[in-house]
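Reviewing the structure listed below.
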Amino acid sequence: MDIFDKVAKRMGPIGQHQKWSHGYFSFPKLEGDIAPHMNFRGKEHLVWSLNNYLGLANHPEVREADKQGATDFGMAYPMGARMMSGNSKYHEQMEQELAEFVGKEDAFLLNFGYQGMVSIIDCLVDRNDVIVYDAESHACIIDGLRLHMGKRFVYQHNDIESARKQLERATKLTEQSGGGILLITEGVFGMSGAQGKLKELIELKKEFDFRLLIDDAHGFGTMGPTGAGTHEEQGCVEGVDIYFGTFAKSMAGIGAFVASTQELTNYFRYNMRSQTFAKALPMPMVIGLLKRLELLKNNPELRERLWLIATTLQKGLRERGFDLGITNTMVTPVFLKGELLEATALTMDLRENYGIFCSIVVYPVIPKGLIELRLIPTAVHTLEDVQRTLDAFSEVSEKLKTGYYKEHQFSMA
């Protein structure tokens, strides 16, 4: 079997019935906040898959800051890595404001979220160290683990007793190797919407010697009284040793940051190879991010609006009998029973006949026989959008139950 045969086998039936690309999206050019609508192949669609929690993507002040940054500096500056010619007062200002906001001594800007987490793990541990991590950790964490030359132990999702057992195993090893233990979890798990049990994990520090790293990509800007993150929401800011957040979700931007003690943050600055040998974030992005952070901190109504949409959507879905799993955040997974081809037909029906676009999740991310439709509420959705979606979901759910999607397939061309 050659490489092309292997790829075809891995793709399975989904590869026979759909193209990888979703097609050709275009966005309306409007001043100010835009509703989450996109044109897809000539038709307007209501979209629940945009990483734009607070609606900052087209906020007029953000657009002006992005524009001014590009006008003042172009898209190229700074033309070098941070340690060489790529530093600026704006980069340092962003780091200082982020550190203060999330309750840490210092922060370090990262070019990308995914690559950033991979590099944090690679930078922190060596072959003598042991990593303990949640079974449902994001792919960027898993890829970081693959670079680790030492041992790693996985605990069952959000299961504190399982985490305790893995910490016991890790402790025995590090007592022999002289290494340390790094425990990794997420603030908000992006697929299930569940919060990581940060407070309970921190309690385990009374029994074990480890450092806690959390990936709070979905929690930064959305969770907690001020939006500082899931550690603020759970009242355990001090117990989180290393805090990682991205700009890709609540701030609708590019890049990420890691925050910790001043000593450890400086260690990251001089030892994260993916940052040391990479060009710094361009000036327009950093200037735009400063404006996004300002709006995030000073406009709580954006977060309040997000939660109004999220709670109204979730309440309506539950009242109609939908299974939302264990979410206790704005992430809204809807679980249905069905096979892969039914899943693709259902999402095509939603898209083509109801004008609703949302992410589909199937095996192997979730067990066989289940379909997950993941909805991402934002502050620029409306209550009318919610009602339209509730009505559409009720109809397609009934079609699924009656076997309609086994008999009717939709072209994915």
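The values are calculated or read from the model by the stated rules, or taken from the named source; none is laboratory data. Since the structure is predicted, the reported quantities are computational estimates derived from the model, not experimental observations. With ideal geometry, Cβ positions are generated from the backbone for all residues, glycine too; neighbour counts draw on all protein chains shown. We work out accessible area using only protein heavy atoms, side chains counted, and drop any ligands, DNA or RNA first. Shrake-Rupley method; radii C 1.70, N 1.55, O 1.52, S 1.80 Å.
Would the stretch 138-161 turn up any residue that is under 18 Å from Glu200 (Cα atoms) and without any contact (Cβ under 8 Å) to a residue 12 or more places away in the chain? Yes, the stretch 138-161 contains a residue that is under 18 Å from Glu200 (Cα atoms) and without any contact (Cβ under 8 Å) to a residue 12 or more places away in the chain.
Looking across the stretch 208-235, the residues that are over 17 Å from Ser137 (Cα atoms), part of a loop (DSSP other than H, G, I, E, B) and either open to solvent by less than 10 Å² (accessible area, probe 1.4 Å) or in contact with a Ser or Thr (Cβ under 9 Å, 6 or more places away or on another chain) (or both) come down to Phe208, Asp209, Phe210, Gly221, Thr222, Met223, Gly224, Gly227, Ala228, Gly229. Taking the numbered list (1) in contact with a strand residue (DSSP E or B) (Cβ under 9 Å, 6 or more places away or on another chain); (2) under 25 Å from Thr230 (Cα atoms) in turn, Asp129 passes all entries but (2). Of the residues making up the stretch 186-206, just one is touching a Lys or Arg at 6+ places or on another chain (Cβ under 8 Å) and closer than 16 Å to Asp159 by Cβ, namely Leu204. Restricting Lys315, Lys297 to those that are open to solvent by 70 Å² or more (accessible area, probe 1.4 Å), in contact with a helix residue (DSSP H, G or I) (Cβ under 7 Å, 6 or more places away or on another chain) and part of a helix (DSSP H, G or I) reduces the list to Lys297. Residues considered: Thr230, Thr246, Thr276. Of these, the only one that is under 12 Å from the mean Cα position of the chain (by Cα) and touching a residue at least 12 places away in the same chain (Cβ under 8 Å) is Thr246. Tallying residues that are under 30 Å from Ala135 (Cβ atoms) and surrounded by 17 or more Cβ atoms within 10 Å (Cβ to Cβ) within the stretch 365-381 yields 9. For Gly288, the conditions (1) of a type in the set (Gly, Ala, Ser); (2) over 22 Å from the mean Cα position of the chain (by Cα); (3) assigned to a helix (DSSP H, G or I) all hold with the exception of (2). Quick one: is Leu306 of a type in the set (A, V, I, L, M), at pLDDT 95 or above and closer than 24 Å to Glu92 by Cα? No. In the set (1) open to solvent by 10 Å² or more (accessible area, probe 1.4 Å); (2) within 30 Å of Asp216 (Cα to Cα), the condition left unmet by Leu400 is number (2).
Ser192 meets the stated requirement of being touching a Pro at 6+ places or on another chain (Cβ under 8 Å), outside any helix (DSSP H, G or I) and either farther than 30 Å from Lys291 by Cβ or open to solvent by less than 30 Å² (accessible area, probe 1.4 Å) (or both). The condition of being of a type outside the set (D, E, K, R) and touching a helix residue (DSSP H, G or I) at 6+ places or on another chain (Cβ under 6 Å) holds for only one of Gly227, Gly190, Gly196, that being Gly227. Among the conditions (1) more than 18 Å from the chain's Cα centre (by Cα); (2) assigned to a strand (DSSP E or B), the only one that Tyr363 does not satisfy is (2).
Screening Glu384 with (1) part of a helix (DSSP H, G or I); (2) more than 16 Å from Val47 (Cβ to Cβ); (3) open to solvent by 70 Å² or more (accessible area, probe 1.4 Å) gives one miss only, at (2). If you filter the stretch 323-339 down to residues that are outside any strand (DSSP E or B) and within 22 Å of Leu50 (Cα to Cα), you find that the one that is most open to solvent (accessible area, probe 1.4 Å) is Ile326. Examine the stretch 244-259 for a residue that is open to solvent by 10 Å² or more (accessible area, probe 1.4 Å), closer than 17 Å to Cys123 by Cβ and not in a strand (DSSP E or B), and state whether such a residue exists. The answer is no, given that none of the residues of the stretch 244-259 is open to solvent by 10 Å² or more (accessible area, probe 1.4 Å), closer than 17 Å to Cys123 by Cβ and not in a strand (DSSP E or B).
Quick one: in the stretch 114-135, which of the residues that are touching a Cys at 6+ places or on another chain (Cβ under 7 Å) and closer than 28 Å to Leu295 by Cα is least open to solvent (accessible area, probe 1.4 Å)? Among residues in the stretch 114-135 that are touching a Cys at 6+ places or on another chain (Cβ under 7 Å) and closer than 28 Å to Leu295 by Cα, the one least open to solvent (accessible area, probe 1.4 Å) is Met117. Taking first residues from the stretch 180-207 that are without any contact (Cβ under 8 Å) to a residue 40 or more places away in the chain and partners that are assigned to a strand (DSSP E or B), the Cβ contacts under 7 Å between residues at least 6 apart in sequence or on separate chains come to Ile202/Leu212. Selection within the stretch 160-181: residues that are touching a helix residue (DSSP H, G or I) at 6+ places or on another chain (Cβ under 9 Å) and open to solvent by 10 Å² or more (accessible area, probe 1.4 Å). The member of this set that is nearest to His218 (Cα to Cα) is Ile160. For His138, the test of being under 22 Å from Ser274 (Cα atoms) and either open to solvent by 10 Å² or more (accessible area, probe 1.4 Å) or in contact with a Phe, Trp or Tyr (Cβ under 9 Å, 6 or more places away or on another chain) (or both) is passed.
Cβ contacts < 7 Å: first residue open to solvent by 60 Å² or more (accessible area, probe 1.4 Å), restricted to the stretch 300-311; second residue among the small types (Gly, Ala, Ser), any location; separation 6+ or different chain. Result? Pairs found: Arg305/Ala379.
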